Amino acid sequence: MGRKERENEWIYKTTAKKRFGLTDNQIRLAIEAGLVEAKQVRNPNYSSGPPATILKVEDIVKNLDRIAAFPRLSDRERAARRVYADRTRARKGLAFWCPRCGEYVRPLRGSRMFEAYYVKAASEDEARRALLTAHYRHAHTEYERAVGELREKRYRRYEQLREEGYDFELAWQIVDEELGNLEQEVAS
Ligand SMILES: [Zn+2]
């Protein structure tokens, strides 16, 4: 591409952000300060979507130092980031290693108990207990079912063996050999 062509080049704001390492806030301030000419055009992805912004490359190149010196985040973005960091900290504060399956358990997004805890409507204890209950219900239901099924199967086999004349101890020993021991079978 020749120099002349390049000077008349317009690029989408998303492209400009990537190519020049700029943020929305810096570009917004640059347009407001009259450093970069901008135009609204039809959205390239959805004709019914919001208009897209295109920017004059020449202006960006010429004023890049000044544009890059603008704050990368707006006050609102900074505030939102602070809230996010604070929520993440609170989320991690409630997390624990499940004593049963060893999984790291954290409140899920949209967890009502977490929201209550975050605005101090629920204590840390209440929130953690609710979290543990929810984890058990979600993660261990399958385990419970598997244990239940195996236990039943083992017992049926045990009864059968007793009817065949095996004594208590030997019957269970055969059950273990045939069907495996509960923990080993279910954990695998
Ligand atoms: Zn668990």
**Message:** Restricting to segment 79-108, and then to whatever is surrounded by fewer than 13 Cβ atoms within 10 Å (Cβ to Cβ) and of a type in the set (Lys, Arg), can you tell me which residue is nearest to the ligand (Cβ to nearest atom)?
**Reply:** Arg100
**Request:** Considering every residue within segment 70-79, establish whether at least one is closer than 19 Å to Asn25 by Cα, part of a helix (DSSP H, G or I) and more than 23 Å from the chain's Cα centre (by Cα).
**Result:** yes
**Asked** Of these, Arg112, Arg128, Arg72, which one is modelled with pLDDT of 90 or more, farther than 30 Å from Gly21 by Cα and either within 16 Å of the ligand (Cβ to nearest atom) or exposed (fewer than 15 other Cβ atoms within 10 Å of the Cβ) (or both)?
**Response** Arg128
**Item:** Long-range neighbours under 8 Å by Cβ, at least six apart or interchain, first residue more than 15 Å from Ala127 (Cα to Cα) within segment 92-106, second more than 12 Å from the ligand (Cβ to nearest atom) and hydrophobic (A, V, I, L, M, F, W, C)
**Value:** Tyr104/Ala95
**Asked** Among the listed residues Arg157, Arg151, which satisfies the condition of being under 30 Å from Gln173 (Cβ atoms), in contact with a helix residue (DSSP H, G or I) (Cβ under 6 Å, 6 or more places away or on another chain), basic (Lys, Arg) and at pLDDT 85 or above?
**Response** Arg157
**Request:** Check Arg100 against each of (1) part of a loop (DSSP other than H, G, I, E, B); (2) in contact with a Leu (Cβ under 6 Å, 6 or more places away or on another chain) and name the one condition it does not meet.
**Result:** (2)
**Prompt:** Only one of Asn43, Asn63 is surrounded by 12 or more Cβ atoms within 10 Å (Cβ to Cβ) and at pLDDT below 95; which?
**Reply:** Asn43
**Message:** The conditions are (1) under 20 Å from the mean Cα position of the chain (by Cα); (2) within 16 Å of the ligand (Cβ to nearest atom); (3) surrounded by 13 or more Cβ atoms within 10 Å (Cβ to Cβ), and His140 fails exactly one of them. Which is it?
**Reply:** (1)
**Asked** Among the listed residues Leu29, Leu55, Leu35, which satisfies the condition of being in a loop (DSSP other than H, G, I, E, B), away from the ligand (no atom under 16 Å from the Cβ) and surrounded by 14 or more Cβ atoms within 10 Å (Cβ to Cβ)?
**Response** Leu35
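The values are calculated or read from the model by the stated rules, or taken from the named source; none is laboratory data. Given the structure is predicted, the values throughout are model-derived calculations rather than measurements. Ideal geometry is used to build each Cβ from the backbone, glycine not excepted, and the neighbour counts take in all protein chains shown.
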